[in-house]
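The values are calculated or read from the model by the stated rules, or taken from the named source; none is laboratory data. Fair warning: this is a prediction, and the values are worked out from it, not measured in the lab. So basically every Cβ, Gly included, is an ideal-geometry build from the backbone, and we count neighbours across all protein chains shown. SASA here: full protein model, heavy atoms, side chains in, ligands and nucleic acids out. Shrake-Rupley method; radii C 1.70, N 1.55, O 1.52, S 1.80 Å.
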Amino acid sequence: MTAATPELLNRIDNVSVPALAGATLDIRSPATGTLVARAPRSSADDVARAATAARKAFLTWSTTPAPVRGEYLFKAAANLVARKEEIARVMAEEMGKRLEEARGDIQEAIDTAYYAGSEGRRLFGRTAPSELKHKMGFTLRRPIGTVGVITAWNFPVAVPSWKILPALVCGNTIVWKPAEEAPRSGHLFAETLWDAGLPAGVLNVVHGYGEEVGAAIVAHPEIAVLTFTGSTNVGRMIAETAGRMLKHVSLEMGGKNPVIVMPDADIDLALDGILWGAFGTAGQRCTATSRVIAVGDVGERLLPRLVERAKALRLGDPLDPAVEVGPVVSERQRQRIHGYVETARHEGGAVLCGGAIPTDGPLARGWFYPPTLVDQVRPGSTLAMEEVFGPVLAVLRAGSFDEAVRIANEVPYGLSSSIYTRDVNAALRAVESIEAGITYVNAPTIGAEAHFPFGGVKATGNGHREGGWEPYEFFTE
Ligand code: NAD
């Protein structure tokens with residue numbers, strides 16, 4: 001560690017404090033293994049302090065007029081604009097996303113801050129005539145209390161912004177545990193809100209591990225609402241506790257996103273969409289393309305070019321603008337990814353490119369895994385069904401549109417999906433019949449816009465949405 005290595009602190013009631021037990025955890029760059037930050041390793045006691053601060057702050061924050069609450073978000077948006085480059089570098093360094101992708105992550109938070117800030121003037125209720133003479137009825141939205149926010153590392157700013165900003169403008173207070181792999185990006189995002197003048201106790205950040213801090217947030221009796229993004233296994237555990245304690249809970253979890261390519265598709269367009277959908281952010285997006293379902297003879301035209309382009313992608317330091325694919329987040333994750341490729345080989349898959357851990361040169365210093373294409377993946381096999389969360393793309397074949405949709409729907413997940421076709425009927429039938437929260441036509445599975453609802457069906461979500469207007473329903477009663 002150098003003298004300049006940042007030491008993060010928790011922030012509770014607008015005071016920066018170490019974990020009560022004094023423990024810390026080291027954050028290392030996945031590209032080089034160097035120490036890039038140290039964060040508090042907090043415990044249930046730190047969460048309890050934060051929950052107390054949040055409960056106290058709720059009294060005044062919940063009665064602050066919503067348009068005034070929105071003003072804080074506009075200031076935070078301006079702070080984010082001013083610090084975008086700084087935060088993007090930190091993000092690239094600590095979790096390995098390329099600079100350009102990190103800028104996009106922060107831009108999503110900027111867009112969300114402007115959108116959410118203006119919702120302060122639109123927390124509409126409804127009015128209706130009553131059955132009673134000379135009476136009318138109306139509804140209004142009230143904040144719920146303290147919201148516990150638990151987020152994954154892969155979008156360390158955008159995803160938290162989808163939760164924190166609507167929750168705040170609705171008048172709730174927050175205890176947030178950023179992902180332990182990317183605490184500094186999260187902390188800097190929170191700083192843009194504190195610097196906007198947010199009153200003490202409204203947004204509290206407690207760093208640490210999921211099993212320690214996350215679980216304590218979930219179980220804390222005074223945290224009434226939980227909003228989580230992460231794996232389906234952890235989401236299920238959170239929902240169990242939340243169910244027992246009658247907490248409101250919103251879950252955004254894993255995906256296994258398909259792209260159907262029809263024989264009449266624009267192949268150049270499909271190639272670009274699949275390449276960036278599968279290998280952008282080294283495949284570590286919840287919306288990453290992880291299955292291509294090639295219909296009819298299109299595979300013969302698509303695959304040789306896809307392999308050629310995947311092989312040509314430049315792996316390396318995410319801070320280098322010439323690099324196209326950065327590292328995966330950890331050695332553990334890399335071993336998991338490689339395990340999936342090995343299993344696919346045993347189950348009859350043909351690895352067309354990638355599929356080996358780099359062992360020399362600068363790539364050997366970090367957690368790199370090459371873009372990998374596996375053909376001949378059978379429906380129902382491990383690689384066809386399970387989320388890999390890395391740069392591995394499974395290719396499945398279908399004889400018809402109907403068969404392609406059946407394959408698309410056979411997985412437990414349902415986040416994003418896409419179809420490449422020039423046939424408007426096939427496009428609309430895909431939108432109607434693919435079991436996913438999002439279906440793109442002639443565009444990749446990745447991406448989100450602040451004003452559209454985002455989220456999945458089946459094992460990806462529990463019916464709530466982020467983005468768009470839907471979160472304002474979730475964060476109010
Ligand atoms: P993860 O579930 O391991 O961790 C997510 C968060 O939960 C982290 O902050 C972690 O510390 C915390 N956590 C872990 N165990 C916990 C526990 N027992 N109690 C409470 N909190 C706990 O997920 P991950 O591997 O870090 O992230 C990748 C996953 O996130 C993938 O499955 C991906 O698809 C998913 N994801 C989904 C979306 C979406 O919008 N659907 C977006 C991004 C990521």
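What pairs come out if I take residues in region 3-14 that are among the acidic types (Asp, Glu) and pair them with residues that are part of a loop (DSSP other than H, G, I, E, B) and surrounded by 22 or more Cβ atoms within 10 Å (Cβ to Cβ) whose C-beta lies under 6 Å away, six or more apart or interchain?
Asp13/Gly201
What helices (runs of 4 or more DSSP H) completely inside region 183-283 contain at least 1 residues that are within 13 Å of the ligand (Cβ to nearest atom) and either over 19 Å from the mean Cα position of the chain (by Cα) or modelled with pLDDT of 95 or more (or both)?
183-194, 215-219, 232-245
What are the residues in region 442-471 that are more than 11 Å from the ligand (Cβ to nearest atom), within 21 Å of Arg121 (Cβ to Cβ) and not in a loop (DSSP other than H, G, I, E, B), if any?
Across region 442-471, the qualifying residues are Glu470, Pro471.
Pick out the one residue from Ala394, Ala344 that is over 24 Å from the mean Cα position of the chain (by Cα), open to solvent by less than 10 Å² (accessible area, probe 1.4 Å), small (Gly, Ala, Ser) and within 26 Å of Leu415 (Cα to Cα).
Ala344
Check Arg301, Arg332 and return the single one that is within 13 Å of the ligand (Cβ to nearest atom), more than 17 Å from Pro371 (Cβ to Cβ), free of Cβ contacts under 8 Å to residues at least 60 places away in the same chain and part of a helix (DSSP H, G or I).
Arg332
Just to be sure, is Gly120 under 28 Å from Asn172 (Cβ atoms), at pLDDT 95 or above and open to solvent by less than 10 Å² (accessible area, probe 1.4 Å)?
It is true that Gly120 is under 28 Å from Asn172 (Cβ atoms), at pLDDT 95 or above and open to solvent by less than 10 Å² (accessible area, probe 1.4 Å).
Within region 162-182, identify whether any single residue is within 11 Å of the ligand (Cβ to nearest atom), among the charged types (D, E, K, R) and surrounded by fewer than 24 Cβ atoms within 10 Å (Cβ to Cβ), and answer yes or no.
yes
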